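The values are calculated or read from the model by the stated rules, or taken from the named source; none is laboratory data. Note that the coordinates shown come from a computational prediction; the quantities given were computed from them, not determined experimentally. Cβ placement follows ideal geometry from the backbone for every residue including glycine, while neighbour counts extend to all protein chains displayed.
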Amino acid sequence: MTVHWTALAIFGVFFLLVTFAGFWAARWRRPVDGMHSLDEWGLGGRSFGTWITWFLMGGDLYTAYTVVAVPGLLYGSGAFGMFALPYAVIAYPYMMVVMPRLWRVCQRKGYVTLADFVRGRYGNRWLALAIAVTGILALMPYIALQLVGMKVVFEAMGLHGEMPLIIAFVILATYTYSSGLRAPAVIAVVKDLMLYIMVFAAIIYLPIKLGGYAHIFAVASAALATHKPAGSIALRPQQYLGYSTLAIGSAIALMLYPHTATAVLSAKNANVVRRNAALLPAYSLLLGMIALLGYIALAAGVQTKDTSAAVPLLFLKMFPESFAGFCLAAIAVGALVPAAIMSIAAANLFTRNVLGGFVRTPLTHKQESTVAKLVSLAVKFGALYFVLALPVTYAIQLQLLGGVWMTQLFPAVVIGAFTRWLNPWALLCGWVAGMYCGTWMAWSLGLKSSVYPLHLFGSTYAMYAAVPALLLNLAVSGALTLALRAAKAGEGSDATVVEDYA
């Protein structure tokens, strides 16, 4: 494949700019005594205001893989890929209600992770361990998918092999180690500005060049009808339930992912969290525009078997190479921000709730930050090995499971933020039931889809596997709570008080 040298040169300039910003972030708002605690390294000192948090959460939730995968879904299968829009619409009111309450109690008690909150709320380290392990397992393929997005960009420019990806990730690992959460916070500002320029240029310039949106939709509709299986630009009735449950389940999972919690807990007060719940829908508008790039790629005649490559190939085909290089740099930088936050979130969980939850002598603040830095490196290079040594489909398949798994934290975390009624051992059993049920449903489909055909009362209901798994989780948790209460079993201790939530 031809190397696109002009695009590569522009890409290199912006990548160097972001690298400089990442290392400079170590000096930005650095405390006098250095970053020798998880609060400073892993949460940026809990000091970010409205705009930094907005950019950070936007960079965290709208990743490089989002930019290539959502339009890739529309490019490959049509309207079903639009589920990302309603799930974002559902997620932010949910965030407005739940996350400020969690922020308050975590700030007052010094909790760094949601597993910390669960440990304090229920006084059960095994339940906290289950929350932490679930988060780490769900994050690993998610980080790997950011690498997949970056790899697609490199290959579109004609760079094949492992070395470009290795170099990019070594740079990421280095500045994350030194700067902590401050690095992705600074880079997120650059990344989001680049992303907005890229998207607005694409949705205005490309339709003009291709004859308008009416023509684009007509060509896309005809092209999708030839796919196997055939797609369409409108949902079919048999897709309604799968589409709606996928949107609802994904919204529930989104706010429970460790990287989302890390970004939220870095805010300086609960009002910052509320303002972001009101401001973040601007990214939903952006997401809708990004999704349309899948149809634009079909109308432009982009041909590829890898649907994730549709957008990079579209830019190289339709834009001047210099601007295509800028757009591809925006996508690659979009991989760095979430990958950094996710590795920090995984490191926080391991340090506080896996290692820290079981050591006899509590770790000092400096020991915690040192362990977290080393674990963040291990997580990054584990994800890199995952992408280089195993088929990309494994990362995609495990990511499907990740959303199902994260939904199972809803009873312990979200319900726990409002009531202490559920017994911790009942919650642990409910978690086991939900995890097993959701994993089995996805596994029975060969991990090719997370929309499971559920057979009930002589009818078939195709729905997102996370939803029936969560319903089972809630039923088991509720029933066992009643049984354990009747048996007068211990309910654990609660380190929080009503005033912590007020």
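Can you tell me how many residues in the range 428-459 are in contact (Cβ under 8 Å) with a residue 24 or more places away in the chain, surrounded by 13 or more Cβ atoms within 10 Å (Cβ to Cβ) and farther than 23 Å from residue 480 by Cα?
Total meeting the criteria: 6.
In the set 490, 458, which member is within 30 Å of residue 239 (Cβ to Cβ) and of a type in the set (Gly, Ala, Ser)?
458
Can you tell me which residues in the range 464-483 are in a strand (DSSP E or B) and at pLDDT 95 or above?
none
Do you know which residues across the range 149-168 are of a type in the set (A, V, I, L, M, F, W, C) and surrounded by fewer than 17 Cβ atoms within 10 Å (Cβ to Cβ)?
Residues satisfying the conditions are 163, 166, 167.
Looking at 184, 207, which is the one that is at negative phi, crowded, with 24+ Cβ neighbours inside 10 Å and in a helix (DSSP H, G or I)?
184
On the basis of being in contact (Cβ under 8 Å) with a residue 24 or more places away in the chain, part of a helix (DSSP H, G or I) and under 30 Å from residue 134 (Cα atoms), does residue 340 make the cut?
yes
If you check every pair at least six apart or on different chains, which have Cβ atoms under 9 Å apart with a residue in the range 195-213 that is hydrophobic (A, V, I, L, M, F, W, C) first and a residue that is at pLDDT 90 or above and not in a helix (DSSP H, G or I) second?
Hits for this filter: 201/319; 202/319; 206/300; 206/319; 210/300.
What are the residues in the range 110-124 that are surrounded by fewer than 17 Cβ atoms within 10 Å (Cβ to Cβ) and either within 23 Å of residue 273 (Cα to Cα) or among the basic types (Lys, Arg) (or both), if any?
110
Looking at (1) over 27 Å from residue 463 (Cβ atoms); (2) more than 21 Å from the chain's Cα centre (by Cα), which is the only condition residue 235 fails?
(1)
Would you check if residue 461 is over 18 Å from residue 252 (Cβ atoms) and either at pLDDT 95 or above or not in a helix (DSSP H, G or I) (or both)?
yes
From the list 21, 88, 64, 25, pick out the single residue that is over 29 Å from residue 302 (Cβ atoms), touching a Pro at 6+ places or on another chain (Cβ under 9 Å) and either buried (at least 18 other Cβ atoms within 10 Å of the Cβ) or in contact (Cβ under 8 Å) with a residue 12 or more places away in the chain (or both).
Going through 21, 88, 64, 25 in turn, just one is over 29 Å from residue 302 (Cβ atoms), touching a Pro at 6+ places or on another chain (Cβ under 9 Å) and either buried (at least 18 other Cβ atoms within 10 Å of the Cβ) or in contact (Cβ under 8 Å) with a residue 12 or more places away in the chain (or both): 25.
Applying the selection to the range 352-378, what residues are surrounded by fewer than 18 Cβ atoms within 10 Å (Cβ to Cβ), charged (D, E, K, R) and part of a helix (DSSP H, G or I)?
Correct list: 366 only.
Tell me the helices (runs of 4 or more DSSP H) entirely within the range 226-311 that contain at least 2 residues that are touching a residue at least 60 places away in the same chain (Cβ under 8 Å), in contact with a helix residue (DSSP H, G or I) (Cβ under 6 Å, 6 or more places away or on another chain) and surrounded by fewer than 22 Cβ atoms within 10 Å (Cβ to Cβ).
240-254, 270-279, 281-299
Rundown of residues vs (1) farther than 29 Å from residue 391 by Cα; (2) part of a loop (DSSP other than H, G, I, E, B); (3) in contact with an Asp or Glu (Cβ under 6 Å, 6 or more places away or on another chain), yes/no style:
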{"site": "443", "(1), (2), (3)": "no, no, no"}
{"site": "447", "(1), (2), (3)": "no, yes, no"}
{"site": "454", "(1), (2), (3)": "yes, no, no"}
{"site": "485", "(1), (2), (3)": "yes, no, no"}
{"site": "494", "(1), (2), (3)": "yes, yes, no"}
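Which helices (runs of 4 or more DSSP H) does the range 1-100 wholly contain that include 2 or more residues that are more than 25 Å from residue 116 (Cα to Cα)?
In the range 1-100, 5-24, 50-61, 64-77 are the helices (runs of 4 or more DSSP H) which contain 2 or more residues that are more than 25 Å from residue 116 (Cα to Cα).
For the range 291-308, enumerate the residues that are within 8 Å of residue 75 (Cβ to Cβ), β-branched (Val, Ile, Thr) and under 27 Å from the mean Cα position of the chain (by Cα).
Within the range 291-308, 307 is the sole residue that qualifies.
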